[in-house]
Amino acid sequence: MLLTSPPSPALDYPSSDGEPVAETYDHFYVLLVTLEVLRQYLLGRQATVLGNQFLYYAQGFPKLRVAPDTMVIFDVAPGGRDNYKIWEERQVPAVIFEFTSRSTKDQDTGAKKLLYEQLGVQEYWLFDPRGEWLPGQLQGYRLQGDSYEGITDSHSQPLQLRLVVEGQLIGFYRQDTGERLLMPAELAEALHQETQAREQEAQARERAEAQAQQAEATIDYERQQREAAESLLAQYRQRFGELPD
């Protein structure tokens, strides 16, 4: 008789540790804005953007995890996840952002940088929204071989975007057109203006149609009047002959 051991219990990979999403409101706000800007930019592509969600990188070891502030993964199904397991999706994040501060700089430039480098994350960006310790507020690293080298031109190759410090946020500009990607508030305003423009266009079209109908009715009335006059004139000629000169 073949004896088999009972199956091992399924491992739990939590999606939350009960810790705050971000250190301060400024860090939370730049996380949300960056997440939404990049999400809108990548709509329609096989890619996803996740924010402050666990990245599990070692199957069978749930404690080996990290929660990047924002990460972009290509060649995966779009949409959100509660967490991200590299061995299931078979793709390593291409770009990771950490919104750093004086209290997190050692971890951001030490353990996290080393981990992302070893995982093969193509680009790693640090942004200091409060300008507490990072000169220029923005610093990027790009994988060259097996190690990171500093990015000097503020361009993201995987994203095809140029990154610009704009106060406590990052501005993103398309490399092909130079167009600046709209932030959520700007996008909402643009959508509002577009809706208003469509409504005004529809109203103008309705007015033009009404004017055209009125003009057509006027022309029809004048034609009827002319035909009536011509009919009366024809009847007069039939009874009395031609009008005298």
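The values are calculated or read from the model by the stated rules, or taken from the named source; none is laboratory data. These numbers were taken from a predicted model, which means no experiment stands behind them. Here Cβ is always computed from backbone atoms with ideal geometry, including for glycine, and neighbour counts include all displayed protein chains.
Things worth noting here:
- Residue tally, condition touching a helix residue (DSSP H, G or I) at 6+ places or on another chain (Cβ under 7 Å) and either of a type in the set (Lys, Arg) or modelled with pLDDT of 85 or more (or both), over the stretch 9-33: 1
- Of the helices (runs of 4 or more DSSP H) lying entirely inside the stretch 71-167, those carrying at least 3 residues that are surrounded by 12 or more Cβ atoms within 10 Å (Cβ to Cβ) and not acidic (Asp, Glu) are 105-109, 111-119.
- One residue from 70, 104, 100 being in contact (Cβ under 8 Å) with a residue 60 or more places away in the chain, in contact with a strand residue (DSSP E or B) (Cβ under 8 Å, 6 or more places away or on another chain), among the polar types (S, T, N, Q) and in the same structural domain as residue 147 (by TED's automatic domain parsing): 104
- Any hit, the stretch 56-75, residues being of a type in the set (Val, Ile, Thr), within 24 Å of residue 32 (Cβ to Cβ), modelled with pLDDT of 95 or more and more than 26 Å from the chain's Cα centre (by Cα): no
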